[in-house]
Amino acid sequence: MTPNGYSHTIYAMQKMLGMLLLLVLGFASLAPAQSLYGSLVGTVTDESGATLPHAAVTATQTETNLSRSTLTSDAGGYNLPNLLPGK
């Protein structure tokens, strides 16, 4: 007999389930959480629909007046990653 009068098989199963639970909880901390950041991605074009390479793009958070700027690529595309939420 093992602790508390359990048979060896039941005790071994409880021990294995306990180890499995610890393993699952340990890996849960590695799972990605929701992010507080967003991004703006797009293409700048003129009135005729032609893309505008090397155009300046600025995003301004109006509540704090903080801004982030970038230039469009040769194809007119831009990406402003890791922006905080706001208006």
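The values are calculated or read from the model by the stated rules, or taken from the named source; none is laboratory data. Keep in mind the model is a prediction, meaning the values are calculated, not measured. No Cβ is skipped: glycine too gets one built from the backbone with ideal geometry, and neighbour counts run over all protein chains shown.
Conditions tested, residue by residue: (1) among the acidic types (D, E); (2) modelled with pLDDT of 95 or more; (3) closer than 14 Å to G38 by Cα; (4) in a loop (DSSP other than H, G, I, E, B).
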site: G49; (1), (2), (3), (4): no, no, no, yes
site: H54; (1), (2), (3), (4): no, yes, no, yes
site: V57; (1), (2), (3), (4): no, yes, no, no
site: T60; (1), (2), (3), (4): no, no, yes, no
site: E63; (1), (2), (3), (4): yes, no, no, yes
site: T70; (1), (2), (3), (4): no, yes, no, no
site: S73; (1), (2), (3), (4): no, yes, no, yes
site: P81; (1), (2), (3), (4): no, no, yes, no
site: G86; (1), (2), (3), (4): no, no, yes, yes
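Would you check which residues across the range 61-85 are of a type outside the set (D, E, K, R), free of Cβ contacts under 8 Å to residues at least 24 places away in the same chain, loosely packed, with under 13 Cβ neighbours inside 10 Å and out of contact with any Gly (no Cβ under 8 Å at 6 or more places or on another chain) and list them?
Residues of the range 61-85 that are of a type outside the set (D, E, K, R), as a first pass: 61-62, 64-67, 69-73, 75-85.
In the following step, the residues that additionally are free of Cβ contacts under 8 Å to residues at least 24 places away in the same chain were identified as 64-67, 69-71, 73.
From what is left, the residues that are loosely packed, with under 13 Cβ neighbours inside 10 Å are 64-67, 69, 71.
Hits for the range 61-85 are N65, L66, S67, S69, L71.
Where residues in the range 30-45 are of a type in the set (S, T, Y) and either in contact with a helix residue (DSSP H, G or I) (Cβ under 9 Å, 6 or more places away or on another chain) or not in a loop (DSSP other than H, G, I, E, B) (or both), which of them is modelled with the lowest pLDDT?
S39
Enumerate the pairs (first residue in the range 1-17 and in a helix (DSSP H, G or I); second residue anywhere and at pLDDT below 80 and exposed (fewer than 10 other Cβ atoms within 10 Å of the Cβ)) with beta-carbon separation below 8 Å, excluding pairs fewer than 6 apart on the same chain, so at least 6 apart or on different chains.
Pairs that qualify, where the first residue is in a helix (DSSP H, G or I) and the partner is at pLDDT below 80 and exposed (fewer than 10 other Cβ atoms within 10 Å of the Cβ), are Y11/P3.
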